[in-house]
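Below is one structure, written out as structure tokens; the observations come after it.
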Amino acid sequence: MKFIFVTGGCVGETAGGTMSPHVLIVKPGEDIVGKIFAFYQKGPSTAVCILSATGTISSVTIRQPDASDGFLTYKGHFEILSLSGSCTFTSGAAGGAQRKIGMLSVSLAKPNGEVFGGGVENTLIAATPTQRLSFDFI
């Protein structure tokens with residue numbers, strides 16, 4: 001995995017502290033969601049806002065109320081039109097395990113141009129190098 005930091009240091013001040021941008025490159029076959037959470041769980045950030053992503057994915061499971069179990073899995077090559085969401089990391093009492101609370105939403109295009117999307121359930125596998133832009137808040 002290769003990380004590219006857009007700028008060094010703080011680019012903005014928020015009521016809650018500092019805001020810093022990050023660009024993450026995910027390799028083909030890697031899980032985009034897993035890489036996002038792994039990157040931020042190790043850092044000092046307490047909140048993350050995913051703004052966008054570019055690239056193609058090969059597998060995704062999304063929440064779909066019409067499906068019998070509430071989820072649909074798609075496999076193939078789908079262009080990312082939009083990926084956004086947020087995540088907050090909280091620590092348990094007295095140094096307990098860190099917990100993530102968040103939601104990612106994705107809009108994808110099939111090769112024929114048909115668009116679909118929904119809330120991402122667990123994994124989003126990259127088919128090509130995928131670039132994701134986010135801001136974290138400390």
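Every number here is computed from the coordinates shown, using simple stated rules; none is lab data. Computed from a predicted structure; not experimentally measured. Please note: Cβ atoms are built from the backbone with ideal geometry, for glycine as well, and neighbour counts cover all protein chains shown.
Just a few scattered comments:
- The modelled label-to-label distance for the pair Ser107/Thr88, using points 7 Å beyond Cα in the direction of Cβ, is 2.7 nm.
- Each residue of the range 31-38 was assigned a 3J(HN,Hα) from its phi angle through the Karplus expression (A = 6.51, B = -1.76, C = 1.60, θ = phi - 60°), giving 8, 4, 4, x, 5, 4, 5, 5 Hz with x at Gly and Pro.
- Full extension of the chain between Thr54 and Ser68 gives 2.0 nm of extra length, using 0.36 nm per residue less the Cα-Cα distance.
- Built amide H within the under 5 Å cut-off of Glu30, gap 5+: Ala126
- The ranking of Lys35, Lys27 from fewest to most other beta carbons within 10 Å of each one's beta carbon is Lys27, Lys35.
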